[in-house]
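These notes are about the structure you will find just below.
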Amino acid sequence: MTALAIVFWSSVALIVYAHLGYPLLLSLLARLRGPQEFRWPQDLALPTVSVIVPAYAEEEVIQQRIANLHDEIAFPRSKLEVIVACDGSPDRTAQRAREAGADLVLELPRGGKVRAQDEAVRRARGDIVAFSDANAHWAADALVELIKPFADPRVGYACGEVKLLGEDGTNQEGLYWRYELAMRARESRLRSVTGGNGAIYATRRDAYVEVDPVMGHDLSFPFTLVKRGWLALYNPAAVASEKMVPSLEGEFARKRRMMAHTWPIVLQGGLLSPRGYGAVYAFMIFSHRVLRYITPFLHLVALGTAIALIGQGWVYIAAVVIQGAVLLGALAAALIRWRPLLIARYYVLTTASLAAGLWDWLRHGVDPGWEPAEGTR
C-alpha cells in the first residue's frame, strides 16, 4: 500500500469512527457500566440555588423567563435566587426583569456573556449556581432534577436535556441534537460529559471557574472541572426547551460563531492537554471533540487523496462519487425541500462551519460579546 493510500484510508477511518464507531463503542462501554440514576437523599437538606440568566437585548422574553422560574418551577422559593445579568443591554431588558420580580438585576458594561456570568456568581448567595439562556423554558421539576447529581460530593458540574422547538423549518439540528444527547448520556455513565449546553446547567459555587471571556462555558467547563478532580454529569430528567434557528443558513451562521469561540478553547484553553483527564476521559475528548472538530480537514484529505488515486481501484472512484453526491445534494436542497437533501445540506454546512470558525478566529480574533440567534426569540 502506498503512502497516499495509507493517508486516504486513515482519513476515511477517522471520519467513520468519529460519527459511527465512537457512538457504538461508547454505547457498549456504557452498557457494561450499567444505568445511571440520580436521587436526592430525603435526610439531606436542599441546597440554596442561584439561577443566573445572562441577557443582551432580551426585553421580548426576559419576563417569561423569570415567570417560569418563579411560578412554574417546583422548588422552595426561600432557597431560590434569580439573577439577571444584563451585558450592556441596549433595550429595556433590565427594567422588565425588575418588573417581573428578579431578585437581583445587574446592569453591567458590555463585556460578553462569560464576564456577565462571572459577576453574577460573585454576587450570588446560592450553594449551587445554575445557568439558563433567556429564551429557555424549564419543566416544573427541572431544577430539582438538575441538582440531584450534586448529592454526590464528587460532582462539580451537571447539565440537563434541551428539547429544541420548531422543527418545521429547514434546519435539521433537532436530528443531530438527539444523536448528541444520546452520546452525552453514555459519556456521563462512563466517566463525565465532554460538553454541555447553555440552556440548563449548574456548578457548585466553590467549583466555579472564571475562564477567558471568549471561551464559553459549554465546552470549557466540563473538561476544566474534570481536570480539577470533579465529575461533570448529565441528567436527562432535567428538561429545558428553547426554539432553534429555523433555517439551515441561520444554523450555519450560529455554529460558525460558536466555533470561533471553540477553537481558542481547543488550541489555547487546555482541551488538548491530557493532564488530569485519566485514560478514559482523554479517550472521550479525542473521540468526541478533537476528531469532530477536524472533520472538515479529514474530508478534504480523503477527497484529495481519492482523486489522486483514481485508476488504482474502484473504491477511490466510489469515494469521490459519494462525497460529490453529498455536495450536490446539499446544493439541491436550496431548491428542493426534501428531507434527505436537507440532511445532506445540514451535514455539509455544519461541517464547513468548523473550518469557517477557525478561519474567523485566526483572521481577526473573537469578540466576547454575543447577540440572540436568528429566529430563536
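Is it true that some residue in the range 156-168 is open to solvent by 10 Å² or more (accessible area, probe 1.4 Å), within 17 Å of LEU69 (Cα to Cα), not in a helix (DSSP H, G or I) and not acidic (Asp, Glu)?
No.
Quick check on my filter: what residues within the range 36-60 are in contact (Cβ under 8 Å) with a residue 40 or more places away in the chain and of a type in the set (A, V, I, L, M, F, W, C)?
PHE38, TRP40, LEU44, LEU46, VAL49, VAL51, ILE52, VAL53, ALA55, ALA57 - these are the residues of the range 36-60 that are in contact (Cβ under 8 Å) with a residue 40 or more places away in the chain and of a type in the set (A, V, I, L, M, F, W, C).
Can you tell me which residue among GLU251, GLU242 is crowded, with 20+ Cβ neighbours inside 10 Å, in contact with a strand residue (DSSP E or B) (Cβ under 7 Å, 6 or more places away or on another chain) and either not in a loop (DSSP other than H, G, I, E, B) or not acidic (Asp, Glu) (or both)?
The conditions single out GLU242.
Name the helices (runs of 4 or more DSSP H) wholly inside the range 285-377 in which the number of residues that are modelled with pLDDT under 95 and under 19 Å from ARG254 (Cβ atoms) is 3 or more.
339-364
Select from the range 185-197 the residues that are out of contact with any Cys (no Cβ under 8 Å at 6 or more places or on another chain) and open to solvent by less than 10 Å² (accessible area, probe 1.4 Å) and write down the one among them that is nearest to VAL121 (Cα to Cα).
GLY195
Only one residue in ALA134, ALA85 is crowded, with 22+ Cβ neighbours inside 10 Å, touching a residue at least 24 places away in the same chain (Cβ under 8 Å) and not in a loop (DSSP other than H, G, I, E, B), so which one is that?
ALA85
Restricting to the range 95-120, name every residue that is open to solvent by 10 Å² or more (accessible area, probe 1.4 Å), touching an Asp or Glu at 6+ places or on another chain (Cβ under 9 Å) and in a helix (DSSP H, G or I).
GLN95, ARG96, LYS113, ARG115
Would you be able to say whether some residue in the range 307-317 is buried (at least 19 other Cβ atoms within 10 Å of the Cβ) and either under 25 Å from GLN172 (Cβ atoms) or in contact with a His (Cβ under 7 Å, 6 or more places away or on another chain) (or both)?
So far as the range 307-317 goes, no, none of its residues is buried (at least 19 other Cβ atoms within 10 Å of the Cβ) and either under 25 Å from GLN172 (Cβ atoms) or in contact with a His (Cβ under 7 Å, 6 or more places away or on another chain) (or both).
The values are calculated or read from the model by the stated rules, or taken from the named source; none is laboratory data. Model, not experiment: these values are computed from the prediction. Don't worry about glycine lacking a Cβ; one is built from the backbone with ideal geometry, like all the others, and counts go over all protein chains shown. These area figures cover heavy atoms from the full protein model, side chains too; ligands, DNA and RNA do not enter into them. Shrake-Rupley method; radii C 1.70, N 1.55, O 1.52, S 1.80 Å.
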